[in-house]
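Notes follow once the structure below has been shown.
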Amino acid sequence: MKSLAVFSKGTSIKSKPSADPSNAFRVVVGKEVADHIRSWRLILLLALLVLTFLGALYVSLSNIRSAVSNMQDPDSTFLYLKLLTTTDGTMPPFHVFLNFLGPLLGIALGFDAINSEQNNGTLIRLMAQPVYRDNLILAKFVSALMLVGTLFFTLVLLMIGAGLCITGVSIEPVEVLRIFTFAILTVVYVGFWLSLSILFSIAFKQTATSALAAIGVWLFFTVFYQIVVNLMVGALVPRQAILTETDLVGYNEMLLNILRLAPSQLFSDATTTLLMPSVRSLGPMTMEQMAGAIPSPLPFTESLMVVWPQLSGLIAATFLCFAYSYYLFMRREIRS
Amino acid sequence: MENPVIDLKGLTKCYGSLKAVDDLNLKIEKGEIFGLLGPNGAGKTTTILMMLGLTEPTSGKALVCGIDATTHPILVKRKVGYMPDSIGFYESMTALENLVYTGKLNGIPGNEAHQRALDLMDLVGLGDSAHKRTSVFSRGMKQRLGLAEVLIKRPEVIILDEPTLGIDPAGVKEFLGLIRELSREQGLTVLLSSHHLHQVQMVCDRVGIFAAGKMQMEGNIHKLSQTLFAEDSYSVSITVREPLPALWEHSDELRQVRDVRELRITENLVQIACASDVTPDIVRFFVAKGLDVMGVHKREFGLDEIYQKYFDNNLIENNTDEKSRSIFKRYLNKK
């Protein structure tokens, strides 16, 4: 250790209270983004996602000719939407893939947000600086979401670019709108899982526990939830033979609504509607309702109206998780 | 005690039924180095956390620089540098990046933070390791980096929780010297918690002995020793060649010597506590008994004895201590 001269020269100890908390928020976000970018975790996830995307794109490109020339399909004029949704059955289309890759992305980016800092002894150091606690969790959330947003917008732009190069067909504005809304929706979906995993990272001290808990919830909703709901419906709903048609529709509606408690169901409802403009309702429709309807694509705003409940449901769930993590974190005692 | 920098008023913290800190009152003046001494689990860290607003007191108030730490923690954190006992850094970042990050969090612009960080790394003796990742740092190096981190915001108060843990002896001396120098030159107020008595003794103006959530004693070391050892403030140890039996036949006779209060025999070492300096009389006594005196050592009471005495008196009725002792005994018997 050298003499104190170094310290006092030009750096007197008089502090100037200039730090404003919003600045601290930006600093934390910057550091978190840098951390994510440098981490192997993000590179692996990125590789996984890009591979899926390329695979899906390849399958859809090789089938695009038949899909677009199918005159029976009212959506056949939307070439770029077809690029995202066409498949020959060998591989699910990209938006279905996202249904289970999105949670993985969100969980992987958030499951150790707080508890790894606590275990490394950096959390207490951070909390001894003039930083608001809520700013810290918000910064963790925002930084990961920024990355996810950049990622998805890059992917869809790449897809549009590749489509332009390969087919030479110019893109319709409504397609751009639909595809961008799809990207935003995906970010919101990932955001839900991200906030859930941040919640677990606050609630559980061990990173492994919080990862397992988040993956458990994810598996429950993707695999078991439908099975459980179907079993319950099978046990509770009377036999079909004695039901009138309206009862049947009612039960069906109820079943769908219960299924919609799962975020993945909300996401797949919403993406299907956005990427397939001819989808006009997400529930069952009676013959009376269908009578007179021309099988034609809906305008963008109408599709948006159809998915609005789904979108707000996802956002609400995200906020709920976030509010609960805020509640848990604000008054917690932090010890190293 | 006009305008204390740290002012704790009836601070109490309960964890369930356990009182970790019990009605603590403490005032620390500007520019003072205060040593908070106590055994593990005495509530030192809890007290410090309450001063920083990192945990809420059950009752009472913690005022730092006149600001209530519970209601305005951000204002307090701007003025206080805190070094936790188990310090960690972001391992994927270099030491310099870690420091600059802390600097920026305190609102210091990037290039100034960079400059300050480099200066401070030199100051704490890490100038060569500035660009190394902190994952390769040893415990002692992290501790030094921790001090640099505390200083980068130019605090008015620094709170160090077990600051000398893991530093080599030469480093400890330097480290404490640096803290003392900083306090003297820059008027920094320092609160230091430790269970290393000698180190505390070396730098602190005042110490407080903290046990079972209560401040048992407070004052400078001289004063403490006077109040605690008003009776027997000298201790003489005499080493003889042959081990003495535990029930030495002359022990009662030795107690008759003027001002001798107590004696303890462990093999060939006799420790005698006395009220005045009667070393020559004691030596004469041993010689008269025909024992070969190999060494005579006289000492005044330091913090070690104060501490020892205090906790000896205090912990005797403490069951946990007894329990651990009996476990230790059982372990020894097995061998």
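The values are calculated or read from the model by the stated rules, or taken from the named source; none is laboratory data. Quantities reported herein were computed from a predicted structural model and do not represent experimental measurements. Glycine gets a Cβ as well: all are built from the backbone with ideal geometry, and neighbour counts include every protein chain shown.
Whether any residue in region B:318-329 is at pLDDT 70 or above, more than 28 Å from B:Leu24 (Cα to Cα) and not assigned by TED's automatic domain parsing to the domain that holds B:Leu24 is what I want to check. Steps first, answer last, please.
Start the filter on region B:318-329 by keeping residues that are at pLDDT 70 or above, which leaves none.
Looking through region B:318-329, none of the residues is at pLDDT 70 or above, more than 28 Å from B:Leu24 (Cα to Cα) and not assigned by TED's automatic domain parsing to the domain that holds B:Leu24.
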If you go through B:Ile209, B:Ile159, B:Ile167, the only one that is outside the structural domain of B:Ile282 (by TED's automatic domain parsing) and in a loop (DSSP other than H, G, I, E, B) is B:Ile167
Regarding B:Leu96, is this residue buried (at least 17 other Cβ atoms within 10 Å of the Cβ) and within 20 Å of B:Leu188 (Cβ to Cβ)?
-> no
Hey, B:Glu185 hits all of (1) acidic (Asp, Glu); (2) without any contact (Cβ under 8 Å) to a residue 24 or more places away in the chain; (3) within 21 Å of B:Asn40 (Cα to Cα) but one; which does it fall short on?
-> (3)
Where residues in region B:159-181 are facing another protein chain (nearest Cβ under 10 Å) and either under 20 Å from B:Asn220 (Cβ atoms) or in contact with a strand residue (DSSP E or B) (Cβ under 6 Å, 6 or more places away or on another chain) (or both), which of them is surrounded by the most Cβ atoms within 10 Å (Cβ to Cβ)?
-> B:Ile159
Restricting the search to region B:102-118, which residues are of a type outside the set (Gly, Ala, Ser) and surrounded by 20 or more Cβ atoms within 10 Å (Cβ to Cβ)?
-> B:Thr102, B:Lys104, B:Leu105, B:Asn106, B:Ile108, B:Arg116
Which residue out of B:Val150, B:Val200, B:Val190 is in contact (Cβ under 8 Å) with a residue 60 or more places away in the chain, in contact with a helix residue (DSSP H, G or I) (Cβ under 6 Å, 6 or more places away or on another chain) and crowded, with 17+ Cβ neighbours inside 10 Å?
-> B:Val190
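Specify which of the listed residues (A:Ser39, A:Ser62, A:Ser66, A:Ser15) is modelled with pLDDT under 75 and either under 30 Å from B:Leu178 (Cβ atoms) or surrounded by fewer than 16 Cβ atoms within 10 Å (Cβ to Cβ) (or both). Give the derivation first.
Values: A:Ser39 fails: modelled with pLDDT under 75; A:Ser62 fails: modelled with pLDDT under 75; A:Ser66 fails: modelled with pLDDT under 75.
When all the criteria are applied, what remains is A:Ser15.
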Under 6 Å by Cβ, and 6 or more places apart or on different chains, what pairs join a residue from region A:314-336 that is within 14 Å of another protein chain (Cβ to nearest Cβ) with one that is in a helix (DSSP H, G or I) and not hydrophobic (A, V, I, L, M, F, W, C)?
-> A:Phe329/A:Arg133; A:Met330/A:Arg133
Looking at B:Gly35, is it under 30 Å from B:Asp119 (Cα atoms), in the same structural domain as B:Met215 (by TED's automatic domain parsing), surrounded by 18 or more Cβ atoms within 10 Å (Cβ to Cβ) and among the small types (Gly, Ala, Ser)?
-> yes
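Return the total of residues in region B:133-152 being more than 22 Å from the chain's Cα centre (by Cα) and either assigned to a loop (DSSP other than H, G, I, E, B) or more than 11 Å from every other protein chain (Cβ to nearest Cβ) (or both). Before you say what the answer is, go through the steps one by one.
Taking region B:133-152 first, the residues more than 22 Å from the chain's Cα centre (by Cα) are B:133-138, B:152.
Pick out the ones that are also either assigned to a loop (DSSP other than H, G, I, E, B) or more than 11 Å from every other protein chain (Cβ to nearest Cβ) (or both) and you get B:133, B:136-138.
Looking only at that region, the number is 4.
Within region B:132-140, is even one residue surrounded by fewer than 16 Cβ atoms within 10 Å (Cβ to Cβ), touching a Ser or Thr at 6+ places or on another chain (Cβ under 7 Å) and of a type outside the set (Ser, Thr, Tyr)?
First pass over region B:132-140, keeping only residues surrounded by fewer than 16 Cβ atoms within 10 Å (Cβ to Cβ): B:132, B:135-136, B:138-139.
Right, trim to touching a Ser or Thr at 6+ places or on another chain (Cβ under 7 Å) and you get B:132.
Now drop any that are not of a type outside the set (Ser, Thr, Tyr), which leaves B:132.
Yes, that holds for at least one residue.
Please go through region A:161-176 and give me each residue that is touching a Leu at 6+ places or on another chain (Cβ under 9 Å) and either at pLDDT 90 or above or surrounded by fewer than 18 Cβ atoms within 10 Å (Cβ to Cβ) (or both), ordered by number.
A:Ala162, A:Ile166, A:Thr167, A:Val169, A:Ser170, A:Ile171, A:Glu172
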Helices (runs of 4 or more DSSP H) lying entirely in region A:233-290 (those with 2 or more residues that are modelled with pLDDT under 80) | A:245-259, A:287-290
Please verify whether region A:108-115 includes one or more residues that are surrounded by fewer than 18 Cβ atoms within 10 Å (Cβ to Cβ) and out of contact with any Pro (no Cβ under 7 Å at 6 or more places or on another chain).
-> no
With B:Leu52, B:Leu24, B:Leu75, B:Leu37 as the choices, which residue is more than 19 Å from the chain's Cα centre (by Cα) and in contact (Cβ under 8 Å) with a residue 60 or more places away in the chain?
-> B:Leu52
Do you know which residues across region A:37-74 are assigned to a helix (DSSP H, G or I) and either hydroxyl-bearing (Ser, Thr, Tyr) or in contact with a Gly (Cβ under 6 Å, 6 or more places away or on another chain) (or both)?
-> A:Thr52, A:Tyr58, A:Ser60, A:Ser62, A:Ser66
Report whether or not A:Ile198 is at pLDDT 90 or above and in contact with a Lys or Arg (Cβ under 7 Å, 6 or more places away or on another chain).
-> yes
Just one of the numbered conditions (1) of a type in the set (A, V, I, L, M, F, W, C); (2) surrounded by fewer than 24 Cβ atoms within 10 Å (Cβ to Cβ); (3) at the interface with another protein chain (Cβ under 10 Å from one of its Cβ atoms) is not true of A:Ala128; which one?
-> (2)
